[in-house]
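I have a structure here, written as structure tokens, and I will follow up with some questions on it.
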Amino acid sequence: GDVIFDLTSVGKIDPAGAAEWRQLMAVIRGATDRIFLVGCPPVFIERLTQEEDLGGKAQVISFAMPYSCTRCQTTASQVVDVEQHFDVLKFATPPELKCLDCGGATACVASDALLAHLATLPKPAPDAQIRKFIKAVQERKPEKPKTVDVAAAQARSQNLMIAVVGLAAVVVIAVT
């Protein structure tokens, strides 16, 4: 079947992590039809998008790239859809995007290493079902964890124990 990795939360990639990634790609290559990578951070694009890194089956659907707004002076990462912007990416050129805050023009402030790797990205071929699934998962709100405050539970348990001991003492005094 298909495997989708959301790499949005990857912060850094050290050599050991890169080796583990390559090993993972080698292991799952035979058991999967397609592998899709969503939300790749810039460091991932710079270090792990060569053919041997992607295991021959992985396709980068989207990645983050830093842009600076010329109007409001903010700098923020924006998600770039590889299929949508492939015609400019294949020339190692960042797509023109608008500021997410004010809608103004932005300038890409990505590193030269990131820009150089844009041309090596293969054009992804996700079908409508894969795109629909990715969108649904990204829009889903996480459930609030149903945790019990351990300290409160312990305090209630201690209060109950004190009440039971106190009641027992009253019963013993009343009987004597």
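The values are calculated or read from the model by the stated rules, or taken from the named source; none is laboratory data. Only a predicted model underlies this, so the values are computations on that prediction, with no experimental measurement involved. For neighbour counting, all protein chains shown are included, and Cβ atoms are generated from backbone atoms with ideal geometry for every residue, glycine included. Ligands, DNA and RNA are excluded from the accessible area calculation, which covers all protein heavy atoms including side chains. Shrake-Rupley method; radii C 1.70, N 1.55, O 1.52, S 1.80 Å.
Please state which of the following conditions Val27 fails to meet, knowing it meets all the rest: (1) open to solvent by 70 Å² or more (accessible area, probe 1.4 Å); (2) β-branched (Val, Ile, Thr); (3) under 16 Å from the mean Cα position of the chain (by Cα).
Val27 satisfies every listed condition except (3).
Matching residues to (1) in contact with a helix residue (DSSP H, G or I) (Cβ under 8 Å, 6 or more places away or on another chain); (2) not in a strand (DSSP E or B):
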| residue | (1), (2) |
| --- | --- |
| Phe5 | no, no |
| Ile13 | yes, yes |
| Ala18 | yes, yes |
| Leu24 | no, yes |
| Gly30 | no, yes |
| Glu46 | yes, yes |
| Arg71 | no, yes |
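Please go through the range 1-17 and give me each residue that is more than 17 Å from the chain's Cα centre (by Cα), more than 19 Å from Ala125 (Cβ to Cβ) and not acidic (Asp, Glu), ordered by number. Outline the logic, then answer.
Of the residues in the range 1-17, the ones more than 17 Å from the chain's Cα centre (by Cα) are 1-2, 14-16.
Restricting the remaining residues to those that are more than 19 Å from Ala125 (Cβ to Cβ) gives 14-16.
Once the filter is applied, which keeps residues that are more than 17 Å from the chain's Cα centre (by Cα), more than 19 Å from Ala125 (Cβ to Cβ) and not acidic (Asp, Glu), the range 1-17 yields Pro15, Ala16.
If you check every pair at least six apart or on different chains, which have Cβ atoms under 7 Å apart with a residue in the range 1-26 that is among the aliphatic types (A, V, I, L, M) first and a residue that is open to solvent by 40 Å² or more (accessible area, probe 1.4 Å) second?
Close Cβ pairs satisfying both conditions: Ile13/Arg47; Ala18/Arg47.
Turning to a different aspect of this structure: Anything in the range 48-69 that is part of a loop (DSSP other than H, G, I, E, B) and open to solvent by less than 50 Å² (accessible area, probe 1.4 Å)? List them, or say none.
Leu48, Thr49, Gly55, Ile61, listed by residue number.
Please go through the range 76-94 and give me each residue that is part of a loop (DSSP other than H, G, I, E, B) and either in contact with a Cys (Cβ under 8 Å, 6 or more places away or on another chain) or in contact (Cβ under 8 Å) with a residue 24 or more places away in the chain (or both), ordered by number. Even if it seems obvious, please write down each step before you answer.
Quick first cut of the range 76-94, residues part of a loop (DSSP other than H, G, I, E, B) only: 82-85, 90-94.
Across the range 76-94, the qualifying residues are Val82, Glu83, Lys90, Phe91, Ala92, Thr93, Pro94.
Considering only the range 35-51, how many residues are in contact (Cβ under 8 Å) with a residue 40 or more places away in the chain and either more than 14 Å from the chain's Cα centre (by Cα) or under 26 Å from Gln129 (Cβ atoms) (or both)?
Quick first cut of the range 35-51, residues in contact (Cβ under 8 Å) with a residue 40 or more places away in the chain only: 36, 38-39, 42, 45-46, 49-50.
Next, only the ones that are either more than 14 Å from the chain's Cα centre (by Cα) or under 26 Å from Gln129 (Cβ atoms) (or both) stay: 36, 38-39, 45-46, 49-50.
Total meeting the criteria: 7.
Now for a different question. Just to verify a result, which residue in the range 95-126, among those that are open to solvent by 60 Å² or more (accessible area, probe 1.4 Å) and either without any contact (Cβ under 8 Å) to a residue 40 or more places away in the chain or in a helix (DSSP H, G or I) (or both), is nearest to Glu52 (Cα to Cα)?
Filtering the range 95-126 for residues that are open to solvent by 60 Å² or more (accessible area, probe 1.4 Å) and either without any contact (Cβ under 8 Å) to a residue 40 or more places away in the chain or in a helix (DSSP H, G or I) (or both), the one nearest to Glu52 (Cα to Cα) comes out as Ala116.
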